[in-house]
Structure formats: structure tokens, C-alpha cells
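Below is one structure; the comments refer to it alone.
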Amino acid sequence: MNANLDSPVQKENNTGKVIVGFNDKPFDIFLLKLDNLHLVGRKTPARINIADEKSRRKSCLVEPDMLFGKLIKFAELTEGYEIIYQKLPDEVIQDKFALISPLDELIYPLKRLIDGQEVAQPEEYWNNCATDVSLLDDDEIFLREMTGNILMEYLVPGSIVYDPACSTGAFLAHLKKISPEICTVGQDLNPNMIAIAKERVDKVCAGNSLIPVCSEKSVDVVICRHLNLDVVTSEVAKELFLAAAESLKIGGVMVVIGHTPILITSAWMEEQGFNVLRRNCVTPYAHAVFQLYLFIKKS
Ligand SMILES: C[S@@+](CC[C@H](N)C(=O)[O-])C[C@H]1O[C@@H](n2cnc3c(N)ncnc32)[C@H](O)[C@@H]1O
């Protein structure tokens with residue numbers, strides 16, 4: 001069933017209703033949790049570059065015009081998910097957006113389901129991606145740059161920086177470019193990706209990062225870009241997070257980001273022995289926000 005995005009149920013009291021069918025990309029529905037207010041919306045293509053309308057595409061970016069309003073009720077029906085919200089004037093939405101703080105959270109509560117089962121892309125999917133490296137890498141330019149800026153203070157000479165699903169190695173290569181004296185370590189399940197990454201990363205290893213290539217408590221910074229929709233399922237995301245966390249020193253930094261929605265919540269990640277420093281990042285001209293978790297390992 002298609003989503004009915006504009007069917008106000010009670011115009012007079014300013015509420016709206018959306019029905020999102022189970023096959024209508026329910027995983028695009030997001031909640032922006034600001035202090036005591038939960039805003040609900042649906043992800044659509046965003047401007048990667050604020051000045052260029054042609055740069056619009058589906059990415060991790062959420063812009064204010066994707067918001068429906070304040071969440072009133074969420075329910076699962078036989079035909080899909082029902083979302084009831086209070087409409088808010090555009091200027092109120094813009095104001096709320098301008099006040100997003102680093103600890104506010106953007107979550108995607110619904111998964112990709114086929115016959116009621118959560119699914120991820122098969123391992124072979126990444127073989128095809130490896131043949132068009134530029135497509136894969138270019139989509140994440142802003143993600144690399146902004147995460148790099150935030151991480152700069154932790155990328156000190158000699159730091160070991162580990163990406164447990166490094167794919168083409170572009171992310172680690174960017175961090176090495178901005179801080180040349182770090183040591184980058186990449187691991188990936190896909191040998192084709194590793195063949196590309198080895199040209200750009202100090203040490204690479206083909207293999208499943210459920211068994212990390214880095215030994216326990218040996219790493220200063222871990223970059224998780226694989227705990228995301230389509231890459232793995234939620235259960236596997238938890239296992240991969242725990243495996244990556246083992247390789248991190250006490251006091252080390254864990255970053256969780258990605259092109260597609262992150263499948264585990266901040267609350268769960270914090271419970272695994274982490275202090276949270278931020279849960280999102282706002283773009284330089286504040287036109288969009290995306291998920292970026294920054295944690296310090298405390299135990
Ligand atoms: C990190 S995401 C890709 C993100 C981004 N679009 C990019 O390519 O830069 C996908 C990568 O995760 C890898 N991957 C998925 N599960 C893995 C696992 N358990 N261990 C290691 N690598 C894994 C895939 O082989 C793929 O290269």
C-alpha cells in the first residue's frame with residue numbers, strides 16, 4: 001500500500017495522518033528526538049551541497065522540510081504503520097532545527113522487512129559496488145570531511161585508527177590525509193574491497209570483523225560505518241559493535257556513522273560501557289542533520 005502523505009484526519013485541530021505500507025520503505029521514517037519533543041518525518045533526497053539543487057539525493061542527510069510535525073501516535077495496523085502528528089508551522093520547524101544540540105538523537109525506528117523478516121544485502125552485493133569505486137566514495141565526501149573535523153583532536157601522532165568494514169579504504173585515507181602520523185588499519189569481508197583499500201590504508205586484512213584483526217584494547221579510534229540498514233541486520237549490528245568495542249582501549253573513541261540508517265540506538269550502545277559525547281552532526285550551514293555517534297569507552 002502506498003503512503004498517504006497528505007491526509008489530515010482532523011484539519012480543525014491541526015493533526016495529520018500518514019499510513020506507510022510495509023513495502024513502502026518504512027525505514028525512511030525518522031524521529032528527531034529533541035529534549036521533550038519528538039518530531040517525525042520521512043527521508044527524501046537532500047542537497048549534498050546546499051548551493052546546488054542538482055546535488056539532491058538520498059543520503060544520511062535530513063532537511064527540515066522532510067518533517068511532518070510533532071509525533072502524537074504511532075501504531076502498527078494490518079495495512080502498514082499509522083503515524084499521527086501535530087502539524088507545526090514552517091517557522092517553528094525551522095526554529096527547532098536551528099536549536100538541535102549534539103546530544104539530540106535522530107533515529108529510524110522501522111527496518112527493511114521481507115515477509116516479516118529483517119533483511120540485509122547479500123555479501124556478493126559489495127562485489128558489484130567494488131567495480132564502481134568512485135560512486136561509492138563520492139557519496140560520502142561530506143561524511144568523511146565532517147567526521148574528520150570532529151575527530152581531529154583525537155587523531156594524534158601514533159594513534160591506531162581501525163575501520164572494521166573499510167570497503168575501499170577512502171574513509172581511512174581521508175583521516176590519514178588530515179593527520180599523516182596516525183596508523184590506519186582496515187578490515188573487510190570482501191576481498192575485492194580489500195584489494196582497493198590496500199593501496200590507501202597502512203594495514204589491511206580480509207575477513208569478518210566479528211573477529212577483529214586488531215587485538216583487544218589496542219586501538220585508539222574505531223570508525224563503525226557498517227552497523228547500518230542494508231549492510232547488516234540489527235542483531236548482527238549489535239554483535240559487530242561489541243566486537244569492535246573489544247579492540248578499543250579504555251578511553252578510546254568510537255564513531256558510528258553511515259550512508260543508510262544506523263540500526264542500533266544510542267541507549268543500547270551507551271549500556272555497553274560508553275559515555276556519549278554526541279549523537280548527531282549538523283552541516284556547516286545548518287541545512288541538514290545526520291546521525292553521528294561519538295563515544296568514549298569507559299570500561
Ligand atoms: C562499510 S559499508 C559501505 C559504506 C560506504 N558506502 C563505503 O563503501 O564506503 C559496506 C562494507 O561493509 C563490509 N562488511 C559488511 N559486513 C562485514 C563484516 N561482518 N566484516 C567486515 N566487513 C563487512 C562489506 O563487505 C562492504 O565493503
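Coordinate-derived values only; no laboratory data. Keep in mind that what you see is a predicted model, and the values were worked out from it rather than measured. Virtual Cβ from ideal backbone geometry, glycine too; neighbours counted across all protein chains shown.
Tell me, what are the semi-axes, in whole angstrom and largest first, of the equivalent ellipsoid of segment 123-297 as set by the roots of 5 times the Cα gyration tensor eigenvalues?
Details: eigenvalues 85, 67, 64 Å².
Semi-axes (√(5λ), whole Å): 21, 18, 18.
Please list, by residue number, everything in segment 269-284 whose backbone N is under 16 Å from a paramagnetic label point 7 Å out along Cα→Cβ of ILE50.
It comes to 281-284, nothing else.
For the pair LYS198 and LYS249, what calculated FRET efficiency results from E = 1/(1 + (r/R0)^6), where r is the Cβ-Cβ distance and R0 = 22 Å, to the nearest 0.05? Let's see the in-between values first.
Values: r = 25 Å, r/R0 = 1.15.
With R0 = 22 Å, the Cβ-Cβ based efficiency is 0.30.
Can you tell which of CYS214, CYS60, CYS281 shows the greatest fluctuation in a Gaussian network model of the chain with Cα springs below 10 Å?
The residue with the greatest mean-square fluctuation here is CYS214.
Radius of gyration and Dmax for the chain's Cα atoms, expressed in Å?
Computed over the Cα atoms of the chain, radius of gyration and Dmax are 19.6, 62 Å.
Checking the table LYS33/LYS58; LYS54/LYS111; LYS198/LYS298; LYS43/LYS177; LYS25/LYS73; LYS177/LYS298 against a 23 Å threshold on Cα-Cα, which pairs fail? It would help to have the intermediate numbers written out before the result.
Values: LYS33/LYS58 21 Å; LYS54/LYS111 29 Å; LYS198/LYS298 32 Å; LYS43/LYS177 32 Å; LYS25/LYS73 19 Å; LYS177/LYS298 29 Å.
Long pairs (Cα-Cα over 23 Å): LYS54/LYS111; LYS198/LYS298; LYS43/LYS177; LYS177/LYS298.
On the Cα set of segment 12-110, report Rg and Dmax in Å, please.
That works out to 13.9, 42 Å for Rg and Dmax.
Kindly rank 200-211, 145-156 from highest to lowest mean number of other beta carbons found within 10 Å of each residue.
On the way: 200-211: 17.4, 145-156: 15.6.
The packing order, highest mean first, is 200-211, 145-156.
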